[in-house]
Structures are given as structure tokens and as C-alpha cells.
1. With respect to B:Gln121, is the statement that it is in contact with a strand residue (DSSP E or B) (Cβ under 9 Å, 6 or more places away or on another chain), over 19 Å from B:Leu44 (Cβ atoms), surrounded by fewer than 24 Cβ atoms within 10 Å (Cβ to Cβ) and among the polar types (S, T, N, Q) true?
2. Collect the residues in the range B:7-17 that are β-branched (Val, Ile, Thr) and either within 13 Å of chain A (Cβ to nearest Cβ) or in contact (Cβ under 8 Å) with a residue 40 or more places away in the chain (or both), keeping them in residue-number order.
3. Out of all the residues in the range B:38-48, is one or more surrounded by 18 or more Cβ atoms within 10 Å (Cβ to Cβ), more than 23 Å from B:Asn378 (Cα to Cα) and not acidic (Asp, Glu)?
4. In the range A:61-82, what count of residues is obtained for those that are of a type in the set (S, T, N, Q), crowded, with 18+ Cβ neighbours inside 10 Å and more than 12 Å from the chain's Cα centre (by Cα)?
5. Kindly indicate whether B:Lys164 is in a helix (DSSP H, G or I) and in contact (Cβ under 8 Å) with a residue 60 or more places away in the chain.
6. Please determine whether any residue of the range B:220-241 is of a type in the set (Val, Ile, Thr), surrounded by 16 or more Cβ atoms within 10 Å (Cβ to Cβ) and assigned by TED's automatic domain parsing to the domain that holds B:Ile297.
7. Out of curiosity, is B:Gly138 among the small types (Gly, Ala, Ser) and surrounded by fewer than 20 Cβ atoms within 10 Å (Cβ to Cβ)?
8. Looking at (1) surrounded by fewer than 24 Cβ atoms within 10 Å (Cβ to Cβ); (2) farther than 18 Å from B:Val82 by Cα, which is the only condition B:Gly194 fails?
Amino acid sequence: MPGDTEIHPGDDAPLAASKRDTAIDEATESLIEPKGDALSGRAVTINRPLPELFAYWRDFTNLATFMDNVVSVSPIDPKRSHWVVKAPGGKTVEWDAAITEEQENRFIAWASEPGADVANSGRIDFRDAGARGTVVTATILYDPPAGTVGKLIAKMFQREPAIQSRRDLRRFKQLMETGEIATASRTRAELAEERD
Amino acid sequence: MRALAWHGKHDVRVDTVDDPEILNPRDCIIKVTSTAICGSDLHLYDGYIPTMQKGDILGHEFMGEVVETGPKSTLKKGQRVVVPFTIACGSCYHCGKHQYSACDNGLPADNQDIAQELYGQPMSGLFGYSHMTGGYAGGQAEYVRVPFSDVGPIVIPDGVEDEKVLFLSDILPTGWQAAENADIEPGDTVAVWGCGPVGLFSIQSAFLMGAERVIAIDHFPHRLELAKKFGAETINFEQSAVYEALMEMTGGIGPDAVIDSVGLEAHGFFVDNVIDQIKKSTFLGTDRIHSIRQAIIACRKGGRVSMPAVYGGFVDKFPLGAFMEKGLTLKTGQTHVQHYMPALLNAIMEDKIDTTFLISHRMALEDAPKGYKMFHDNQNEVTKVVLKPDFAAAV
């Protein structure tokens with residue numbers, strides 16, 4: 001998995017925490033099919049059994065329940081799915097993604113197919129953490145829309161994938177551990193605005 | 001509904017806002033019957049806490065009647081409950097260890113970024129206390145949406161009046177945890193800085209845990225009188241030198257355990273505010289920032305330091321040398337309210353702990369702005385203001 005850094009004696013830190021210039025290339029090697037040049041990685045420990053988490057994630061239609069920007073994920077066939085995702089300015093972007101490799105209860109790797117509005121690839125790893133539950137690690141590589149400026153704009157709108165994936169993982173944890181996603185809204189109208 | 005909303009420094013108003021609704025399966029809605037103004041609400045009132053927004057509803061000490069429940073709530077309509085000020089899920093690793101104020105899931109995902117940046121990991125959510133702690137609407141209102149109502153609120157038996165149990169929401173467990181964190185051994189002398197509600201409750205708790213003597217330190221005569229009523233000896237720091245007094249009173253040993261329930265009272269949560277206050281204190285020598293330093297210097301060798309007081313950022317001139325050389329132990333943290341509530345409710349029912357002495361003023365919710373001003377201006381006489389939504393406003 002990403003972070004197996006035998007080639008860096010004395011540094012076992014995962015690649016997403018790396019200061020080395022070569023980190024993206026190294027991460028890319030673990031991703032089977034690299035798309036884009038911005039790397040985001042985040043691990044979260046979830047106090048639930050591994051198979052339950054893997055099964056929930058593997059049913060991609062579930063992803064929209066905790067991925068804030070994902071409008072919908074529709075299966076095309078057992079390996080491919082169609083993604084509709086919110087973008088800055090009230091727009092949406094779409095792409096088809098395919099599973100490039102998976103091992104049940106271990107990891108799922110995917111990549112967007114040619115013609116994607118935002119090219120992306122990544123992998124989600126599940127590791128048993130005993131009494132603490134399961135460590136879920138997301139590694140995402142993506143091509144920010146319209147380069148640096150696009151990335152800045154996306155960041156302003158908090159649609160930036162690195163921020164978004166961190167928050168999405170927290171929501172996944174909340175949903176799995178508590179059965180709901182925490183909100184400070186007071187009314188249904190406020191909640192609808194928040195989730196918009 | 002009517003609710004006390006923050007509009008800016010020294011500007012709180014009772015506004016009409018939309019009633020809260022059930023949004024998540026484990027939610028309940030309570031109709032507030034009693035709610036108190038906390039000393040820490042004054043930090044918001046003084047404008048020291050960033051990430052406040054106009055219209056934020058304040059209040060984190062409240063209780064009331066359950067009027068609506070989500071499908072996963074275990075409460076029933078009509079039950080009377082006290083609500084913990086910490087919003088915790090009960091299902092994560094930390095809740096499993098009863099470290100409720102460290103709950104992983106109490107804060108909305110987007111609000112976790114600030115605390116993660118500042119503290120390394122986000123903490124639990126809090127009612128009515130800025131957006132950094134979740135942006136949850138507070139309890140100084142007619143109605144409140146209470147998340148995780150199956151693990152937080154504690155049901156109060158019929159016939160027990162609000163005022164006996166209201167402080168289970170925050171300050172009683174906070175005072176109790178402070179004493180517990182002091183690891184009191186029979187025969188100990190415990191010194192408590194600050195005779196606000198938390199200090200006064202930790203005095204009571206310390207005696208219940210076997211302390212032989214408690215020495216209370218403050219400068220408000222009325223509060224020192226209250227400490228005396230619970231059996232504490234007192235030091236008025238405006239009239240006596242605290243370190244010298246403590247050393248003499250303990251035969252040159254120093255207190256076995258020290259509790260700082262003062263804290264950076266007028267200090268905000270953010271680095272710039274804190275640095276600002278530290279700069280101020282360097283020149284003005286305020287007593288407030290002084291309390292933790294003084295406690296560490298006075299504490300006996302090998303003794304224990306408990307710090308329920310709220311600190312938000314950085315402190316300089318922390319006597320790390322004395323702390324290390326004397327081999328002290330420090331325990332601190334926001335209160336794991338849910339952990340302490342059941343036992344403390346029992347203690348109240350068995351008349352082992354009295355909390356009603358603290359209440360100096362009762363007012364209508366409509367008069368809350370007056371309550372804030374009064375509390376802010378006169379901390380000697382005003383020890384606790386309880387707001388009642390069903391009281392008619394004073395003319």
C-alpha cells in the first residue's frame with residue numbers, strides 16, 4: 001500500500017506526509033493508473049468491523065450519502081460507474097470511472113476514463129485495527145481544473161478535492177459509527193442549504 | 001421561538017427565530033424550562049471568542065422537557081432531562097473510554113478543520129459556543145435541538161425541582177472532575193484558585209473525596225464566604241500574599257494538590273488574542289494569568305496539579321523548570337460530562353451535594369440581556385443567573 005517506504009530507511013511516514021519531491025511519483029506507482037499531479041491522502045480510524053465498511057464503500061451508490069460534492073454515482077457495469085459531482089459556480093462535472101484493481105476487504109483502486117471533466121484516480125485501503133476498528137486510508141491523485149487558478153477558485157468554494165476528501169472521510173466515519181452525519185443546523189431549511 | 005442571540009461585543013438580544021426541528025435520527029427537541037448564564041458565556045459577551053456570528057444562539061447550561069424525538073432517540077415525550085454541554089456520539093473510540101469531550105463525531109465535519117489546525121485533533125461539539133466548537137444553537141432559548149439524545153441527556157425523576165439538578169449540565173461535573181484530577185488522598189490539603197461555580201463545586205467535591213483541608217483563593221468577599229460555608233479556609237489575594245500564606249498554612253510543605261479554576265478568564269481561543277493578552281499581562285501583571293504559575297510554585301514536591309480552567313492558546317513564562325524539578329503531575333481537559341452525570345445525580349438525590357446555594361438571580365429569558373450585563377458588572381454578588389423562558393419579563 002502507499003506508505004510502504006522500504007526505500008527510505010529511517011522514514012516510515014506515509015507518502016501524503018512526505019516532503020520529498022519524489023512523493024507523487026512514488027504514490028503514483030501504487031495507484032496503477034496515474035491521473036493528475038495533486039496528491040491527497042488521509043487516514044481515519046473507524047470503530048466498526050472492516051467487512052462492513054468495505055461493503056458499504058464498494059456499493060458506489062452509497063458514496064453520495066457522505067461525499068458532500070457527489071450528486072450521484074450510478075453503476076454502468078460491475079467495474080464501471082458514472083459520477084456527477086458539484087463544481088464551483090453551481091455547475092456540475094461528470095465522468096466515468098472504472099475499478100482498476102481491487103481485493104475484497106483490502107483495497108479498491110479506480111481511475112477516471114478518458115474525457116473526464118476532472119481526471120482523477122485513487123485507492124482506498126482498509127486495514128484491520130483490532131479493538132479500535134478499521135483504518136481507512138484514501139489516496140487520491142487528481143488534475144485540478146484549469147491549473148493553479150482553477151485550484152485556487154475550487155479552494156475558495158471549498159470544492160478542492162484535498163479538503164473535500166478529508167471532510168468526506170470524517171462524514172464516512174460519522175455515518176458508520178453513529179448512523180448519522182453531524183450537523184449544527186437548526187431547521188430543515190438550514191440543513192438543505194448546508195447540504196446544497 | 002424566542003432565543004438569546006449574540007450580535008457583537010456587549011450586544012446580546014432576545015430575538016424571534018424559527019423553531020428547531022428534528023434533523024437526524026438520534027435527535028430530540030426539548031422545551032427549555034431552566035437555563036443558566038455561565039462564566040464562560042461572558043467571554044463571548046466580551047467578544048473574546050472568534051468564529052462567532054451574528055445571530056448565534058448562546059447557552060450551554062440548560063434543561064427541559066422532551067417535546068419531540070427522532071426515530072433513534074431513546075427518550076420519551078414529557079420526560080424531563082438535563083443536557084450535557086458537550087455534544088458526544090457515544091459510539092467512537094473516545095466515547096468508549098468515557099472521554100466524551102474528546103468525541104470524534106460531535107463536531108460537523110467542516111467545523112473540524114479549525115480545531116485540527118490549532119490543537120492537532122478536533123474535540124467534541126459544544127452547545128452555543130462559537131463555530132469552532134460546532135456552531136450548535138444553544139439553550140438560552142425556548143426550544144433546543146439536542147443531537148445524540150440517546151446518550152447525552154439524563155432523565156430527572158419527577159418531583160425534583162430544576163434548580164437542584166440544572167448544574168449537572170456543566171459546572172457540577174466540571175468541579176467534580178477537577179477534584180478527581182487532583183488524585184486526592186485522605187488527609188490531603190488542597191488549594192483551589194478561583195471561587196466561581198467550578199471552584200466552589202470542586203471544594204465540595206474535594207472534601208467528599210477525603211481532603212482534610214481545602215484552602216480557597218479569590219478576591220471577591222462574597223465568593224470567599226461561600227467557600228467558607230463548605231468548610232474551606234480562605235485567602236483573599238488582595239489582602240494577603242498567596243504563596244507565603246499557603247506555605248505557612250501547610251507548615252512549609254505546600255498543598256498536596258492544587259486546582260486552578262481561574263484560567264485565562266479574559267482570553268480568547270485564538271493565538272492572536274492570547275498573545276495580545278499575554279503582552280498585556282507582561283506590562284499590567286494581571287492576576288488571572290498568574291494563577292497557574294502560582295499554583296505550580298506553591299504545590300508541594302511530587303504533588304498534583306489539576307486545571308479545569310479554560311485555556312485556549314499559548315502561555316509564556318510557564319514554570320516548566322519548577323514543574324519538572326518538583327516532579328509534579330498535571331491533569332486537565334474539558335469535562336466528560338456524560339461520564340459523571342449518573343453518579344452526581346445520585347449524590348444530589350441523596351443530599352450529599354447541594355448546588356442551589358449558587359443561584360443568586362432568577363430572571364425571565366426575555367430579560368437575559370440585563371442578566372448578562374449584571375453578571376458582567378458585578379461578579380461579587382452575582383454568582384449565578386438562571387433564566388426561565390416561562391417567566392414574564394420584568395417591567
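The values are calculated or read from the model by the stated rules, or taken from the named source; none is laboratory data. Please read these numbers as outputs of a predicted model, since none were measured by experiment. As a convention, Cβ positions derive from the backbone with ideal geometry for all residues, glycine included, and neighbour counts pool all protein chains shown.
1. Spelling it out, it is not the case that B:Gln121 is in contact with a strand residue (DSSP E or B) (Cβ under 9 Å, 6 or more places away or on another chain), over 19 Å from B:Leu44 (Cβ atoms), surrounded by fewer than 24 Cβ atoms within 10 Å (Cβ to Cβ) and among the polar types (S, T, N, Q).
2. Once the filter is applied, which keeps residues that are β-branched (Val, Ile, Thr) and either within 13 Å of chain A (Cβ to nearest Cβ) or in contact (Cβ under 8 Å) with a residue 40 or more places away in the chain (or both), the range B:7-17 yields B:Val12, B:Val14, B:Val17.
3. First, pick out the residues of the range B:38-48 that are surrounded by 18 or more Cβ atoms within 10 Å (Cβ to Cβ): B:38-41, B:43-45, B:48.
Then keep just the ones that are more than 23 Å from B:Asn378 (Cα to Cα); that gives none.
No, the conditions are met nowhere in the range B:38-48.
4. The total comes to 1.
5. On the way: in a helix (DSSP H, G or I): yes; in contact (Cβ under 8 Å) with a residue 60 or more places away in the chain: yes.
For B:Lys164, the condition - in a helix (DSSP H, G or I) and in contact (Cβ under 8 Å) with a residue 60 or more places away in the chain - is met.
6. Going residue by residue through the range B:220-241, those that are of a type in the set (Val, Ile, Thr) are B:234-235.
Remaining after also requiring surrounded by 16 or more Cβ atoms within 10 Å (Cβ to Cβ): B:234-235.
So of that shortlist, the ones also assigned by TED's automatic domain parsing to the domain that holds B:Ile297 come out as B:234-235.
Scanning the range B:220-241, I find at least one residue that is of a type in the set (Val, Ile, Thr), surrounded by 16 or more Cβ atoms within 10 Å (Cβ to Cβ) and assigned by TED's automatic domain parsing to the domain that holds B:Ile297, so the answer is yes.
7. Working: among the small types (Gly, Ala, Ser): yes; surrounded by fewer than 20 Cβ atoms within 10 Å (Cβ to Cβ): no.
In short, no.
8. Condition not satisfied by B:Gly194: (1).
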